[in-house]
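See below for the structure under consideration.
The values are calculated or read from the model by the stated rules, or taken from the named source; none is laboratory data. Predicted model only: the values in this text are computed from it and were never measured. Ideal geometry is used to build each Cβ from the backbone, glycine not excepted, and the neighbour counts take in all protein chains shown. Surface areas here come from the heavy atoms of the whole protein model, side chains and all, with no ligands, DNA or RNA. Shrake-Rupley method; radii C 1.70, N 1.55, O 1.52, S 1.80 Å.
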Amino acid sequence: QVQLVDSGGGLVQAGGSLRLSCEASGNIFSINAMGWSCQAPGKQRELVATIISGGSTNYQDSVKGRFTISRDSAKSTVYLQMNSLKPEDTAVYYCNADIRHYGDTDRFDYWGQGTQVTVSS
């Protein structure tokens with residue numbers, strides 16, 4: 001079993017910064033990819049950023065130039081540095097990871113519990 005714990009959210013004024021972290025633990029043989037998604041009240045969950053094992057990254061257009069995703073493979077941790085935050089960034093942010101277990105050839109997608117990001121005007 002694998003558990004993802006995401007943290008780092010909070011209340012910040014527009015233009016401020018936050019750094020989200022997500023640590024994966026448990027039965028992890030390898031991690032193919034990790035990412036962040038967000039969900040605002042009444043809205044569909046949207047992909048924000050992803051990073052694959054080779055280091056390639058992808059970003060939602062609305063966060064390009066403001067957010068940076070990074071990964072520490074040794075700690076099975078993914079980060080999301082959020083700069084120049086806007087009120088429309090307000091949402092619950094969820095990390096996820098595509099993980100292969102020891103003793104299994106299949107990959108499974110795990111999600112964190114979410115961390116609230118609130119950006120005030």
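With a 1.4 Å probe and every protein chain kept in, tell me what percent of the accessible surface of the chain is carbon plus sulfur.
Accessible surface attributable to carbon and sulfur in the chain totals 45 percent.
Need the full-extension length gain, ARG19 to ASP109, defined as separation in residues times 0.36 nm minus the C-alpha distance. One decimal, nm.
Going from the current span to full extension adds 30.1 nm.
Using only the alpha carbons of the chain, determine the length spanned along each of the three principal axes and report them from longest to shortest in whole angstroms.
Extents along the principal axes, in whole Å: 50, 26, 23.
For region 88-121 and region 54-73, write down the distance between their C-alpha centroids in whole Å.
Taking the Cα centre of each part, region 88-121 and region 54-73 sit 14 Å apart.
Along the Cα-to-Cβ line of SER73, 7 Å from the Cα, sits a label point; which residues in region 83-112 have backbone N less than 15 Å from it?
What the label zone holds, given the 15 Å backbone N cut-off, is 98-100.
Percent relative contact order of the chain, based on C-alpha pairs within less than 8 angstrom and at least six residues apart?
Taking the mean separation of contacting Cα pairs over the length of the chain, I get 36 percent.
Could you pull out the trypsin sites (Lys or Arg not before Pro) across region 9-98 that fall in loop regions by DSSP (anything but H, G, I, E, B) with no more than 15 other Cβ atoms inside 10 Å?
Listed in order of number, the matching sites are LYS43, ARG45, LYS64, ARG66.
Quick test of your reading: applying the under-4.7 Å Cβ rule, which cysteines of the chain are isolated?
CYS38 - these cysteines have no disulfide-compatible partner (Cβ-Cβ under 4.7 Å) in the chain.
Could you name the lysines in cross-link range of LYS86, using Cα to Cα under 20 Å and dropping any fewer than eight places away on the same chain?
LYS86 reaches LYS43, LYS64.
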